[in-house]
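Beneath this line is the structure, given in C-alpha cells, with notes to follow.
The values are calculated or read from the model by the stated rules, or taken from the named source; none is laboratory data. No experiment lies behind these values; they were computed from the predicted model shown. A quick note on method: Cβ atoms are made from the backbone with ideal geometry, for glycine too, and the neighbour counts reach across all protein chains shown. To get the accessible areas, we keep the full protein, side chains included, count just its heavy atoms, and leave off ligands, DNA and RNA. Shrake-Rupley method; radii C 1.70, N 1.55, O 1.52, S 1.80 Å.
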Amino acid sequence: VKLDATFTFTTYKNEVTKIAEGVNFFDTDAGEGGRIGGVFIRNAVGHPLSSFFGYEVIGLFQDAADVSKSPTQTSAAPGRFKYRDANGDGAITSDDRVFFGSPNPKFTYGLNLNASYGNFDMGVFFYGAAGKKAINYVKWWTDFVPSFQGEKSKAALYDSWSPEKSAAE
C-alpha cells in the first residue's frame with residue numbers, strides 16, 4: 001500500500017503600475033445610468049489587472065418620491081436599480097463609475113491524494129480559489145430589464161419587487 005498527499009497554496013498580488021500613453025485597454029462608456037451590456041473592465045494604474053469598473057448599486061427605487069429625491073439617472077423608476085452618485089454632482093453619469101472588484105483571487109489552494117495497492121491506483125485532486133469577484137452574465141441576460149428582451153426569469157424579474165412588496169420587506 002502506498003499513500004501520497006500533496007498540498008499546494010499560492011498567493012499573489014498584482015497592480016498596474018504604468019500604461020503606455022495613448023493605450024486604452026477595455027475602457028468604454030457603458031451608457032448613462034447603468035451597464036448596458038458593454039465592457040466593464042478597466043485597467044488603471046493603482047488597481048489590479050482587469051478590475052471591474054461600473055456603477056455601484058445602492059438599492060432599488062421604492063416609489064416616485066424616492067425617484068424624485070435621488071440624483072437624476074436615465075430610466076429611474078420604482079423597482080429599478082438606484083446607483084451611487086460617486087462624484088456628488090446630483091446626476092448619475094459615466095463619471096460616477098467606480099472600481100468594484102477584481103477577478104484575481106487572493107489565493108488558490110489544492111490537495112492531491114493518491115493511493116495504490118498492487119496494480120490498482122486511485123487519485124483525487126481538490127482545487128479552490130478564494131477572494132475574487134465574478135460577474136454572472138447569465139443573470140444579466142435573464143434577470144435585468146435592459147438586456148435581452150426574450151426569455152426572462154419570471155421569479156427574478158417579475159416577482160421580485162412591486163410597490164406592495166418592496167425590497168425592505
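A few notes on this one:
- Between the stretch 63-90 and the stretch 111-142, the C-alpha centres lie 42 angstrom from each other.
- Per atom type, the stretch 30-138 shows carbon and sulfur on 58% of its accessible surface, probed at 1.4 Å.
- Proximal charge balance of P48 [Cβ under 14 Å; K/R count +1, D/E count -1]: +4
- Given K18/K82; K82/K133; K13/K133, the pairs whose alpha carbons are separated by over 23 Å: K18/K82
- Other-chain or far-sequence residues with amide H under 5 Å of L60's (modelled H): K82
- Counted charge near I58, where neighbours are those whose Cβ lies closer than 13 Å (Asp, Glu -1; Lys, Arg +1): -1
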